[in-house]
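Below is one structure, written out as structure tokens, with a few remarks after it.
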């Protein structure tokens, strides 16, 4: 390999590594949505909030996704501990129109909706439990 070829290979590896670190640091972080553009989350989930429910965590998963199972277990436990939170998991293989409506490109993605169906938060990857819990407590009762 020539000196120029080696420099190109090293540069490509450096850029790929940097991109990997950026993507890893963003995975699982809660992004609060200030200007929602998505449709009503309760409608997408084919659900209605009960009198006590304040937040819907709509998880989009795929059948071969290992992190999706981890996310589902965490969100199920969170919903059991927080009676005003509901978790609904949708398989994008069965309902791709939901992924399209929410502009979801990877699984797992969890989208949080307030009681009125307005998107309030979004998480790509396995959620960070403490960060998600803190964000949920900031969602007002409509």
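The values are calculated or read from the model by the stated rules, or taken from the named source; none is laboratory data. Given the structure is predicted, the values throughout are model-derived calculations rather than measurements. Neighbour counts run over all protein chains shown; Cβ positions are idealised from the backbone, glycine included.
Hey, can you tell me all the residues within the stretch 46-62 that are within 22 Å of residue 104 (Cβ to Cβ) and either in contact with a helix residue (DSSP H, G or I) (Cβ under 8 Å, 6 or more places away or on another chain) or touching a residue at least 60 places away in the same chain (Cβ under 8 Å) (or both)? Quick ask: steps written out before the conclusion?
Restricting attention to the stretch 46-62, the residues satisfying the condition of being within 22 Å of residue 104 (Cβ to Cβ) are 46-47, 49, 55-62.
Matches in the stretch 46-62: 49, 55, 56, 57, 58, 59, 60, 61, 62.
Within the bounds of the stretch 114-125, is there any residue that is buried (at least 18 other Cβ atoms within 10 Å of the Cβ), modelled with pLDDT of 95 or more and in contact with a helix residue (DSSP H, G or I) (Cβ under 6 Å, 6 or more places away or on another chain)? So far as the stretch 114-125 goes, no, none of its residues is buried (at least 18 other Cβ atoms within 10 Å of the Cβ), modelled with pLDDT of 95 or more and in contact with a helix residue (DSSP H, G or I) (Cβ under 6 Å, 6 or more places away or on another chain). Answer yes if at least one residue in the stretch 133-141 is crowded, with 17+ Cβ neighbours inside 10 Å, in contact with a strand residue (DSSP E or B) (Cβ under 6 Å, 6 or more places away or on another chain) and modelled with pLDDT of 95 or more, and no otherwise. Looking through the stretch 133-141, none of the residues is crowded, with 17+ Cβ neighbours inside 10 Å, in contact with a strand residue (DSSP E or B) (Cβ under 6 Å, 6 or more places away or on another chain) and modelled with pLDDT of 95 or more.
A count restricted to the stretch 90-116 and to residues that are assigned to a loop (DSSP other than H, G, I, E, B) and out of contact with any strand residue (DSSP E or B) (no Cβ under 8 Å at 6 or more places or on another chain) stands at 6. For residue 74, the conditions (1) touching a residue at least 60 places away in the same chain (Cβ under 8 Å); (2) in contact with a helix residue (DSSP H, G or I) (Cβ under 7 Å, 6 or more places away or on another chain); (3) closer than 14 Å to residue 123 by Cα are fulfilled apart from (1).
Count of the stretch 57-77 residues, restricted to those that are modelled with pLDDT under 95 and within 16 Å of residue 139 (Cα to Cα), is 0.
When we screen 101, 77, 93 for residues that are closer than 25 Å to residue 51 by Cα, over 13 Å from the mean Cα position of the chain (by Cα) and surrounded by fewer than 17 Cβ atoms within 10 Å (Cβ to Cβ), the only hit is 77.
Just one of the numbered conditions (1) modelled with pLDDT of 95 or more; (2) closer than 16 Å to residue 135 by Cα is not true of residue 54: (1).
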